[in-house]
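Notes to accompany the following structure.
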Amino acid sequence: MARNPRYDILFEPVKIGPVTARNRFYAVPHAAGMTNSMPHMRAAFRGTKAEGGWGVVCTGYVSIHPSSDDAPLPFATLWNDDDIHSHALMTEAVHRHGALAGIELWHGGGSVVNRTSRLTPLSPSGTSWMATHVNFMGNQRPKAMDADDIRALLGWQAQAARRARSAGFDIVYVYAGMGYLPYEFLLPEWNLRTDAYGGSVANRVRLVRELLEVTREAVAGECAVALRISLEELRARPSAVAPSEAHEVVTLLAEVPDLWDVKMDSSPTDCPPSRFASEGSHEPVIDFVRKLTLKPVVGVGRFTSPDSMVGQIRRGVLDLIGAARPSIADPFLPRKIDEGREQEIRECIGCNICISSWHDGVPVRCTQNPTIGEEWRRGWHPERIAPAGSPASVLIVGAGPAGLECALALGRRGYEVSLAEAADDIGGRLRFETRLPGLATWARVLEWRRGQLDRLGNVTVYRGNLLSAADILELGNTHVVIATGARWARLLYSPLEIPVGALEGPGVYTPDDIAAGAELESPAVVFDFDNYYMGSVLAEHLARHGLRVSYVTPAGHASAWTIMSNEQPQVHRTLFGAGIALHTLTRVTAFEPGELTLANLFTNAVTRLECRSLVIVGARFASDGLYTALAARTADLGAAGIRSVARIGDALAPGALVHAVYSGHRYARELDADPATLLYRRDAPLPLT
Ligand SMILES: Cc1cc2nc3c(=O)[nH]c(=O)nc-3n(C[C@H](O)[C@H](O)[C@H](O)COP(=O)(O)O)c2cc1C
Ligand code: SF4
């Protein structure tokens with residue numbers, strides 16, 4: 001199909017200093033959990049984005065010196081020449097597909113604690129980041145940098161820039177964002193210096209200017225020099241000479257970099273979940289930059305709609321459309337727009353599972369795109385899949401996230417697929433969950449697959465079709481896949497942090513009951529030891545329906561795991577805003593309609609709450625009765641010509657959506673595959689030169 005002329009502007013080349021991007025699609029710096037220890041995986045992952053049409057593909061943060069050591073978070077290094085060839089694998093992969101390669105050189109300053117290198121952390125004035133998240137908390141404080149330290153830092157940046165040029169990069173960054181060292185010089189809370197690097201904005205910006213200058217000298221006109229800078233805090237600060245300190249900083253440096261890459265200051269605002277922020281959420285902070293510089297500006301905002309992208313350019317906000325998450329969810333997003341297939345874009349849902357994998361220190365995962373990170377080690381391509389290995393027919397029972405993904409991938413392989421769903425419509429748990437506060441965007445998991453399945457002639461979807469084991473035997477497909485989901489349990493929680501003791505009786509509910517339309521009496525208590533989104537979302541949902549709601553959790557925070565997905569600060573603000581009382585480090589021990597008994601997790605001190613409805617959001621167990629019934633009938637299966645019965649998704653092991661989608665996809669990739677190919681290739685660092 002031909003490209004819609006409305007989107008032609010997105011495919012104009014953009015000159016960035018000495019290099020030219022082929023179009024305006026810019027995959028911004030983002031870590032992917034694949035450090036120098038997984039160079040082939042990293043190269044294939046970024047090369048696939050270039051193949052998918054991105055004009056520029058960047059690395060994640062790359063440390064310039066061992067005094068910037070973020071372990072256990074997964075960061076890359078360019079500490080000496082030994083690191084060059086590892087990065088060269090990526091630049092080759094990116095160049096092979098006609099894109100430019102960018103590298104984000106990074107020093108973490110007082111935000112890192114150098115757990116591995118054990119070097120003394122550096123900062124402008126001896127101030128550290130006093131974060132409370134387990135991976136960021138530390139008990140090593142930084143030293144205040146003296147003149148020698150500043151000279152050394154400039155030297156490290158220059159050496160790293162030279163190595164970046166040798167590795168084949170086209171764009172080399174100075175990174176003054178997100179609490180890291182150059183950013184620390186910009187903010188007066190970090191920077192209490194009384195020398196030429198502290199005090200006035202002109203002084204605070206000096207280090208960034210010098211970093212840009214040494215980088216430019218080091219790349220000797222062969223690479224563009226980019227500045228990535230966080231402007232949220234600076235924009236909120238008044239300035240005597242400009243509308244804000246952010247305006248002042250941008251004016252002072254206006255033409256110094258070849259490219260401005262502008263963003264927010266903290267991960268929860270820079271990379272906000274769709275639950276709390278919509279597409280383009282950065283615009284109110286960064287919209288002024290384009291007016292103060294002649295150099296191209298790139299910015300982000302979970303852009304998935306080509307119309308929003310065109311709007312950003314036509315309204316003079318951005319020159320290049322930056323993307324981290326949309327390029328993970330669909331590495332082929334630019335190509336699809338180019339080929340008039342924008343309806344096929346697998347849009348990011350803003351769930352932030354990807355960022356959670358960075359916090360976990362593992363290769364990036366994505367709810368929408370199960371192939372991400374698997375390009376090299378499993379040979380999974382986001383757009384191509386091996387043809388069917390046999391003329392088999394496959395029956396999938398259950399059209400939730402796992403069943404849908406499985407049907408789609410098997411259908412694309414060419415298998416004859418029947419997808420049977422007991423409910424009147426497909427979607428499984430998504431049908432209820434996407435109606436809950438803030439989760440509407442997650443419906444893209446369902447709607448994208450619905451749209452793609454509609455195009456396949458070899459996948460038939462049967463709705464309102466409740467199948468028994470006998471029905472399945474009668475149908476006699478070659479393979480049967482059970483994707484019947486999971487159920488929430490009415491279990492409480494022991495001091496050993498294990499689900500125990502079923503609590504049946506009036507007034508006790510689970511999310512499944514609410515999905516089924518149960519009417520709850522006020523006051524209600526949500527007892528959450530699932531720790532992800534469901535507990536806090538349901539509390540908000542019930543409060544919106546007029547109930548007085550309390551939230552109880554044995555964890556230290558509401559929705560404790562959501563620290564991993566950048567949701568936790570806003571979860572707390574939302575609960576507080578909805579008037580929901582929060583009881584942390586607390587478990588429920590008993591309930592009678594009217595009164596709930598609680599115990600402190602550590603002291604066992606007892607308290608009581610008025611409560612007429614208790615919602616337990618804790619353990620989930622597979623709904624695998626159909627699987628068990630079939631698996632027990634080996635002889636009947638053989639007689640019916642059924643060669644295999646398998647479980648996928650929550651019916652195998654309950655988990656987040658990302659696990660269900662992955663499980664369905666993996667089954668489809670591996671059907672009829674040579675068992676020898678089922679283990680993934682293990683990546684390893686390149687040998688030292
Ligand atoms: C998994 C992940 C890792 C990230 N790592 C980095 C990083 O290494 N350096 C950086 O400057 N920003 C990083 N970011 C932030 C993104 O570059 C970007 O600013 C943010 O995700 C907003 O863009 P988006 O809405 O297109 O995702 C990361 C984001 C994600 C999702
Ligand atoms: S994991 Fe979620 S937020 Fe991240 S890219 Fe995928 S869909 Fe988007």
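The values are calculated or read from the model by the stated rules, or taken from the named source; none is laboratory data. Computed from a predicted model, the values in this text were never measured in an experiment. Heads up, the Cβs are rebuilt from the backbone with ideal geometry, glycines too, and the neighbour counts pull from every protein chain shown.
For this structure, a couple of remarks:
- Residues of segment 649-677 satisfying the condition of being part of a loop (DSSP other than H, G, I, E, B) and under 26 Å from the mean Cα position of the chain (by Cα): 652, 653, 654, 655, 656
- Residue ID - farthest from residue 106 (Cα to Cα), chosen from residues in segment 229-249 that are charged (D, E, K, R) and in contact with a Pro (Cβ under 9 Å, 6 or more places away or on another chain): 237
- Residue, surrounded by the fewest Cβ atoms within 10 Å (Cβ to Cβ), within segment 51-69, restricted to residues that are in a loop (DSSP other than H, G, I, E, B) and more than 13 Å from ligand 1 (Cβ to nearest atom): 66
- Selection of first residues in segment 643-669 that are at positive phi and crowded, with 20+ Cβ neighbours inside 10 Å and of second residues that are modelled with pLDDT of 95 or more and of a type in the set (A, V, I, L, M), restricted to Cβ pairs under 6 Å at least 6 apart or on distinct chains, gives the following pairs, ordered by first then second residue: 649/402; 649/483; 649/660.
- Candidates 306, 370, 296, 363, filtered to the one that is within 12 Å of ligand 1 (Cβ to nearest atom) and on the phi < 0 side of the Ramachandran plot: 363
- Contact map, segment 52-71: residues that are on the phi < 0 side of the Ramachandran plot paired with residues that are in a loop (DSSP other than H, G, I, E, B) and hydroxyl-bearing (Ser, Thr, Tyr), Cβ distance under 6 Å, separation 6+ or inter-chain. Pairs shown: 66/117; 69/116; 69/117; 71/116.
- Pair list, Cβ under 6 Å, 6 or more apart: segment 258-282 residue under 30 Å from residue 18 (Cα atoms) and assigned to a strand (DSSP E or B), other residue within 10 Å of ligand 1 (Cβ to nearest atom) and basic (Lys, Arg): 261/228
- Scoring residue 60 on the criteria (1) small (Gly, Ala, Ser); (2) within 16 Å of ligand 2 (Cβ to nearest atom); (3) out of contact with any Lys or Arg (no Cβ under 6 Å at 6 or more places or on another chain); (4) more than 26 Å from residue 230 (Cα to Cα) leaves a single failure, condition (4).
- Remark: pairs (first residue in segment 320-336, at negative phi; second residue assigned to a helix (DSSP H, G or I) and surrounded by fewer than 24 Cβ atoms within 10 Å (Cβ to Cβ); Cβ separation under 6 Å; 6+ apart in sequence or on different chains) = 336/342; 336/344.
- Selection within segment 14-31: residues that are more than 16 Å from ligand 1 (Cβ to nearest atom) and surrounded by fewer than 24 Cβ atoms within 10 Å (Cβ to Cβ). The member of this set that is nearest to the chain's Cα centre (by Cα) is 23.
- The criterion of at least 2 residues that are within 14 Å of ligand 2 (Cβ to nearest atom) and over 28 Å from residue 131 (Cβ atoms) is met, among helices (runs of 4 or more DSSP H) falling completely within segment 311-414, by 401-413.
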